[in-house]
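The structure under discussion appears below in the form of structure tokens.
The values are calculated or read from the model by the stated rules, or taken from the named source; none is laboratory data. A quick note: this is a predicted structure, and the numbers were derived from the prediction, not measured. Note: ideal-geometry Cβ built from the backbone for every residue, glycine included; neighbour counts use all protein chains shown.
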Amino acid sequence: MHVVVCIKQVPDSAQIRVHPVTNTIMRQGVPTIINPFDLFSLEEALRLKDQLGAKVTVLTMGPKMADQALRKALTFGADEAILLTDRAFAGSDTLATSLAISSAIAKIGETQPIDIVFCGKQTIDGDTAQVGPGIATRLGLQQLTYVAKIVSIDQTAREIVVHRRAEGGVQVLKTSLPCLITMMEDTNHIRFGTMADAFRAARSPITEWTAVDAGVPDISKGGLRGSPTVVKKVFAPTARTAKAIAISGDTPEALANSVLDTVFAAHPSLQGDLQSSIATNSQGASS
Amino acid sequence: MSQPATPNPAGSKEDDLLAASKGVWVYLEMDRGHVHPVSWELIGEGRKLADKLGVDVWGVLLAPPGAANQAAANDAFAHGADGVYLMEDPILADYRTAPYTTGLTKLITTYKPEILLLGATTLGRDLASAVATTVATGLTADCTGLAIDMDTRSMAATRPTFGGSLLCTIHTLKARPQMATIRPRVMAMPPRQEGRSGQIVPVPLGMREDDIITKVLDYIADRNTNEAHLEFADFVVAGGRGLGKVENFKLVEDLAKVLGAEVGGSRPLVQGGWIGHDRQIGQTGKTIRPKLYIAAGISGAIQHRVGVEGADCIIAINSDPNAPIFDFAHYAIVGDATKILPALTEAFRRRLSAQAN
């Protein structure tokens, strides 16, 4: 069994700062991490390695420095790492990104056929959740997003059963391999890699592929030129035109009373709404 | 209402497709006989875009045959749709990526809409991504604002970017349809207009069950429906990192109890394990539209702001007078939330019970 895990190196968004005057992102000194959502998929892949002896190949697309994310994935126990890096990919939106990555996956599959492709549910920098399904669509893989649990894999019948999170419930789906899976968050915990893996990761070469190496069929459909979406404007939100009304008081109690006076005066129906809501709630609780 | 769209001959060039693409479509998300309310919110928003462009709004419904479909179409008309494309087939009984993608793609290539909006639900995101890739067009996720740029006759889709620290506006200029997903509760629910009607155009799916690889073995309904409560709650009290320590979150819960409100929190509280992800309010959590929102110790980064801006009344408590939350709150209380929350709880308790008696 061969599984490919697509990961992305992202800025640790909790630490992103916006320059207060120029409204640009201050990237300097912002640490990068493996997109946290990808780790749930990576751990699931490593469990298939433990249980079924699967080979785990990790793949990323990005600048040269993205090799750090791959090396980190190797320390967790991944077997092989491929970095897709080419200036031609610069400015890719999700459609162009899925073209590049799916081409590379097809190329990886030429050496050893792939049974499962894993992606993160979404990234924390783009938050689109679009690249995984884009890859599945381009490669004709059965698409299993928001997977809460892999229930079983039958390697002989080449079938997999999963729980997929839907609105208001969970679907139990059975499909054939190969498939693409995006794991839900909090479905597992990424392991601590072994010392052996850490040493191996430090020595392992990371394969670098250009667009040509990855076999991207038409480079004009990649990168900025191959991206149908155009970012026209990046901006900071403006404050509401009406400024917030400041409420203060000498003591917390005086302040609280002042808040209620002010808010109930400005929103006359609010007090009644609250009271009827409380009445409904207590009825519900007693019934 | 104008004539329903008729199939257009396939244009070979980009410009032909741009010129031939007309109308705003809203995907009507029906799951297990029930239409997700985000569909009506999007018809309301789609109506504004369509009026600007001078075109019609069409709902798109893929579902198994059943009486619920006519009712859903009538609901779509009442919320502002001019017509509904209805694709009925037993294959569509449960959501599966492949048949839904095939069906929606067939409708798009046949009738050529210029704009297609879907709810950013697990279903909508899964389907939108597959369809946008299939028809090779632009898709903008989790939009918080939609507008029309009349110079280019294109949709300006605004969404948070860089982990929610800035906003960006995205256009799809050379491909159609221009696709966007919008999270539930981001757009206001349009009022129902009873008696409004429209046309239903049936379109066959044209697939056989044998051709579909993925099978649905079972569906396990959630027992816990807390998530829906937060999104549709009229009153919400939430806490953030400014509460200092996890024990202090009880102060938020105490106030919520007195108000009959739902509790929520900002992203750092979820990351810190104080509350579950289903209680997170903001871009990567829930969007709320309550009558009253009280935010205690939340700084108000954009990613939080976009989740609460639809609230009628926002009271913010923060010890930092420069916290961004005061840029969009209606009432600003500068001070220690752990001291002010108990006083507010007591004041609300007294005031609300005094009036009731």
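Considered as a group, the residues in region B:185-230 that are within 9 Å of chain A (Cβ to nearest Cβ) and part of a loop (DSSP other than H, G, I, E, B) include one that is modelled with the lowest pLDDT, and that residue is B:THR225. Within the bounds of region A:122-133, is there any residue that is crowded, with 20+ Cβ neighbours inside 10 Å, touching a Leu at 6+ places or on another chain (Cβ under 7 Å) and within 11 Å of chain B (Cβ to nearest Cβ)? Yes, that holds for at least one residue. Evaluate the following for A:SER277: is it touching a Ser or Thr at 6+ places or on another chain (Cβ under 8 Å), within 9 Å of chain B (Cβ to nearest Cβ) and buried (at least 17 other Cβ atoms within 10 Å of the Cβ)? It is false that A:SER277 is touching a Ser or Thr at 6+ places or on another chain (Cβ under 8 Å), within 9 Å of chain B (Cβ to nearest Cβ) and buried (at least 17 other Cβ atoms within 10 Å of the Cβ). Return yes or no: is B:ASP218 in contact with a Leu (Cβ under 8 Å, 6 or more places away or on another chain), under 22 Å from A:THR145 (Cα atoms) and surrounded by fewer than 21 Cβ atoms within 10 Å (Cβ to Cβ)? So B:ASP218 fails the test.
One residue stands out among those in region B:156-184 that are farther than 17 Å from B:GLU309 by Cβ, in contact with a Ser or Thr (Cβ under 7 Å, 6 or more places away or on another chain) and crowded, with 22+ Cβ neighbours inside 10 Å: the one that is nearest to the other protein chains (Cβ to nearest Cβ), which is B:GLY163.
What's the total number of residues in region A:161-183 that are within 8 Å of another protein chain (Cβ to nearest Cβ), aliphatic (A, V, I, L, M) and in contact with a helix residue (DSSP H, G or I) (Cβ under 7 Å, 6 or more places away or on another chain)? Residues in region A:161-183 being within 8 Å of another protein chain (Cβ to nearest Cβ), aliphatic (A, V, I, L, M) and in contact with a helix residue (DSSP H, G or I) (Cβ under 7 Å, 6 or more places away or on another chain): 1 in total. Within the set B:ALA72, B:ALA67, B:ALA63, the sole residue that is more than 14 Å from every other protein chain (Cβ to nearest Cβ), modelled with pLDDT under 95 and within 28 Å of A:VAL172 (Cα to Cα) turns out to be B:ALA67. In region A:238-268, the residue that is surrounded by the fewest Cβ atoms within 10 Å (Cβ to Cβ) out of those that are at pLDDT below 90 and among the small types (Gly, Ala, Ser) is A:ALA242. Comparison of B:GLY285, B:GLY276 shows that the only residue that is small (Gly, Ala, Ser) and under 22 Å from B:GLU41 (Cα atoms) is B:GLY285. For region A:212-237: of the residues being charged (D, E, K, R) and more than 8 Å from every other protein chain (Cβ to nearest Cβ), which is surrounded by the fewest Cβ atoms within 10 Å (Cβ to Cβ)? By that ranking, first place goes to A:ASP218. A:ARG240 meets all of the listed conditions (1) more than 24 Å from the chain's Cα centre (by Cα); (2) more than 7 Å from every other protein chain (Cβ to nearest Cβ); (3) basic (Lys, Arg) but one, namely (2). The set of residues in region B:142-175 that are touching a residue at least 24 places away in the same chain (Cβ under 8 Å), out of contact with any Lys or Arg (no Cβ under 7 Å at 6 or more places or on another chain), closer than 21 Å to B:VAL57 by Cα and assigned to a loop (DSSP other than H, G, I, E, B) comprises B:MET150, B:ARG153, B:ALA175. Of all residues in region B:322-334, those satisfying the criterion of being in a loop (DSSP other than H, G, I, E, B) and facing chain A (nearest Cβ under 9 Å) are B:PHE328, B:ALA329, B:HIS330.
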